[in-house]
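The structure under discussion appears below in the form of structure tokens.
The values are calculated or read from the model by the stated rules, or taken from the named source; none is laboratory data. Since the structure is predicted, the reported quantities are computational estimates derived from the model, not experimental observations. Positions of Cβ are backbone-derived with ideal geometry, glycine not excepted, and every protein chain shown enters the neighbour counts.
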Amino acid sequence: MRHATTSAGRSRVRRVAAVPVALATLALTQTAAVADPATNGVPSVLDTLTPHHLTVADGIERTTYSSDSSEIVVRVSVIDPDLGAISLDSTVGAGVSVKEPTTAMLATVAAGGGAPYVGVNGGYSVSTKDEDDLTGKGIPEERSVPMVTSVQEDVVQGAGCLKGQNSVVLQHGRPHFTKITTALGITSDRNTADTADDATRVVDGVNRYPGWIVFCPQEAGDVVLPYRKDADGVVQRLDQYGNVIKGGPYYQDSSEIVVFTSAYGQKTPEPRHTPFVAADDADGVEVAVDASGRVTAVKSPRGGTAVPPGGMVLQGIGDDAQTGGGAQWLRDHAMVGAKLTYTQRATDLGVVGDPDDDVDLPLDPAYPSIDVVNGTHDLMRHGRVVAEPDDNVANDPRTAIGADGYGRTLLVTVTAREEGLRRGVPIYDLAKIMEDLGAVDALNLDGGGSTTFVVDGQVKNVLSDAGGIERPVYDAVYAGRGGHGLPAGGN
């Protein structure tokens, strides 16, 4: 994995596209979606703002929509890889387990030879420091856990929801908007003189704590933690003792195997980091696997192991072999010297509910070309607004990514105009902004204090956290130097 290289330095090879994007066709069939915000006749946020245009580089235009009479500013970057050597990628910075400010993540890309032109914060994750329960039991280390699907350079870094999650696939300088799910597995071949072994087991998660799952079930055995509603009807999540905890929803599974990839960036977590989830109490088993797939060490209790370069660490909980206990499976099949083969699939669900429309992304870490960034609300699909008026109506800062009818990528933020304010728009208004900008498809990314718009390494928007401090995030989306598009006038 090369997380600190320039776009030009990334070995992205033209292969069969992950999905049939057909953006050229969309440019012909969806031209009604490419509208001038000043003349489309639909009242919107942009109608009240004045645009200020700036060319960042060949193929990258930046526009700031603002007004002295408005508390918000809309910042837009339009990225056209057909007009310059421009990449469209994402990065997790130094490691997937630690949140970093967007500028710091983009700096790791710049360290290889040139800063990205523009970038925004990416998708959702949860930091355990943010998830301390309300009873005063702190969690000793801050570790970032991807909430849903994350793929970096063709390696799954965060497992997807069992039924898929809204995501954007970045490949060959273009975005594709869909739902992604993942399927992971491990096979053991001990190849000893007296024992033949070809045991296979599902891997339940990637780069997260065994036993607890954030946001959605990732396997059929995941069980939601209890909750209740207070007198105002607000849902309150409960820990294993019945105490109210923040965040959620959370799920737990007492029998799991979780893989930690070479991009994890820390030593593996120890048990009982999440006191609100009973399944995390298990000591479990941990095995270290080198780059060749050979098990080099086995330990219990789990935790505190550095991931071997190019290798992985597997943590297992659950001692009942009859029910597929993860810890017991590792004891039986992953002793020192055993050869383990790890398999990963990321599937584009296409038309959800129609398995015939499912397509596996062609993940190949040896020739990486695919990143996947997660989001929450679909804003637009196929030229139509799909967000609902009652979707998250808070006037919060927002970040979105979209694609217009000409095949260009739109990176958009909506934030306050003045320092010290926390302003934005509801989700539905964000969708209408994307529509007015000509988007055909669009996805809501992480927002609030995470919303960050960066140009040449400098934050351009008002930051909403106290003191104007840039909030650490899980990943970032950027347009960088050196890409897959044709130069202007190319064939």
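A few remarks follow.
- Note on the stretch 350-448: enclosed strands (runs of 3 or more DSSP E) holding 1 or more residues that are closer than 24 Å to Ala466 by Cβ and aliphatic (A, V, I, L, M) are 409-416.
- Scanning the stretch 154-211 for residues that are within 30 Å of Tyr406 (Cβ to Cβ), outside any strand (DSSP E or B) and at pLDDT 95 or above returns a single hit, Asp154.
- Scanning the stretch 265-313 for residues being touching a helix residue (DSSP H, G or I) at 6+ places or on another chain (Cβ under 7 Å) and of a type in the set (D, E, K, R) gives a total of 1.
- Residue match in the stretch 480-488 (condition: in contact (Cβ under 8 Å) with a residue 60 or more places away in the chain, touching a helix residue (DSSP H, G or I) at 6+ places or on another chain (Cβ under 9 Å) and farther than 17 Å from Ile72 by Cβ): yes
- Residues of the stretch 236-291 satisfying the condition of being assigned to a loop (DSSP other than H, G, I, E, B), touching a strand residue (DSSP E or B) at 6+ places or on another chain (Cβ under 8 Å), among the hydrophobic types (A, V, I, L, M, F, W, C) and farther than 20 Å from Val126 by Cα: Ala282
- Scope the stretch 74-98; condition surrounded by 24 or more Cβ atoms within 10 Å (Cβ to Cβ) and more than 22 Å from Pro175 (Cα to Cα); matching residues: Ser97
- Among (1) assigned to a loop (DSSP other than H, G, I, E, B); (2) in contact with a Lys or Arg (Cβ under 7 Å, 6 or more places away or on another chain); (3) among the hydrophobic types (A, V, I, L, M, F, W, C) - the single one Trp329 does not satisfy: (1)
- Test: Val120 is of a type in the set (A, V, I, L, M, F, W, C), closer than 30 Å to Val259 by Cβ and touching a Leu at 6+ places or on another chain (Cβ under 7 Å): yes
- Any chance Asp320 is surrounded by fewer than 17 Cβ atoms within 10 Å (Cβ to Cβ), under 19 Å from Ala279 (Cα atoms) and either acidic (Asp, Glu) or touching a residue at least 40 places away in the same chain (Cβ under 8 Å) (or both): yes
- Some residue of the stretch 446-453 being at pLDDT 95 or above and touching a helix residue (DSSP H, G or I) at 6+ places or on another chain (Cβ under 6 Å): yes
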